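The values are calculated or read from the model by the stated rules, or taken from the named source; none is laboratory data. Everything quoted here is computed from the prediction, not taken from an experiment. Using ideal geometry, Cβ is built from the backbone for each residue, glycine included, and neighbour counts are taken over all protein chains shown.
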């Protein structure tokens, strides 16, 4: 079988693809807002944010490489076919038409268009903008075989050039000193853990799992055929792409902290970005930010809808790839018109439930050669993680649910019996205990099954 070797140029192209698909709506607004909330503690908060926003997505790509999976379903399959299918649907619904994909349009509109329109005009503005946004997303995504060229060669360089202008102006003339910026109460003593939880909002860990099949398809399109070479290309390209994201995260968090010298704490990072761009570049800054936001969010939207359609077409082959594309883009258009605040409010509890399941799945995938991918280890670990993750989800629900008697009773119970629940990590000790128990049982079974050594 003829196969090409991974060249550094191809690794850069794969890294650019991964960068373009992962870096989108949340990657712009959440780091800046984190910087404002953390203030002088921006560096420790950035450490937590990088753990969940950079390290976990890289680990997800490595887990896919090590297990030779084609995506979420294959990685979760040791837990059983039904669990894998349900997990696939939940992740893609979150990344797809319910939360992340609509958010790509609402964020780019909120920071690039909305500030220049009246409140009454914004109702029609978001309708027209989101229709054009998802129309273009659908058009580009139907060119499935050209996604590497479209994202890697056209849109990424434009985005990076626009981002560099804002960073350069900020670095040569900072608005203030990040080390003396005000610190909000939540970040005075728990900046690292709160930064880690803020990283959930980027959804990049889930996205990296979902993009596995897209990345592998692109790698095969470069002529790399052997499974070992595909795994190596995924790992190397992923490291390059995610390292670029990490550098931009640090710069955005720092920008948010320094902005407190001139601007009050904003409700979201989109407002802060618009203020920063206007501060340095005036009207030109507003125009640059509008193009930047639309560019980066559209690359992310393309990656999301392609991964959604590829995975579901693979599971339900009677429905065409383009039919799934139309469904995703159409429903995303409708949800986007509900507004950014509603999307963020309802996505947070879902992420608090899904992320622990994804984290434990990724860790087990990486460790799978150690226990020979034994399904028992997966099932015990997942079972131990599932219940406390549900309680973490209920603790993060919007006020309309959070303040009900039933939810308050659940929160009181979890706060009493689940370690680290108040920090948002009620699942952590249970997940570790489940993994340890699963490994002990696996090695005990292996030892009992091995033939006894006869004594001569």
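Find all pairs meeting these conditions: Cβ atoms under 7 angstrom apart; at least six residues apart or on different chains; first residue within the stretch 279-298 and closer than 21 Å to residue 262 by Cβ; second residue assigned to a helix (DSSP H, G or I) and modelled with pLDDT under 80.
These pairs meet every condition: 281/288; 288/162; 292/159; 292/162; 292/163.
Quick check on the stretch 26-38. Is at least one of its residues in the same structural domain as residue 210 (by TED's automatic domain parsing), crowded, with 24+ Cβ neighbours inside 10 Å, over 13 Å from the mean Cα position of the chain (by Cα) and under 20 Å from residue 309 (Cα atoms)?
No, the stretch 26-38 has no match at all.
Run down 304, 273 and say which single residue is assigned to a helix (DSSP H, G or I), within 20 Å of residue 86 (Cα to Cα), assigned by TED's automatic domain parsing to the domain that holds residue 143 and in contact (Cβ under 8 Å) with a residue 12 or more places away in the chain.
Criteria check complete, one pass: 304.
What are the residues in the stretch 104-129 that are outside any helix (DSSP H, G or I) and more than 15 Å from residue 288 (Cα to Cα), if any?
Matches in the stretch 104-129: 117, 118.
Could you look through the stretch 216-227, keep only residues that are modelled with pLDDT under 80 and assigned to a helix (DSSP H, G or I), and pick out the one that is surrounded by the most Cβ atoms within 10 Å (Cβ to Cβ)?
216
Name the residues in the stretch 260-274 that are buried (at least 21 other Cβ atoms within 10 Å of the Cβ) and over 25 Å from the mean Cα position of the chain (by Cα), would you?
260
I'm trying to understand the selection: among the residues of the stretch 399-421, which are surrounded by 12 or more Cβ atoms within 10 Å (Cβ to Cβ), within 26 Å of the chain's Cα centre (by Cα) and within 24 Å of residue 341 (Cα to Cα)?
401, 402
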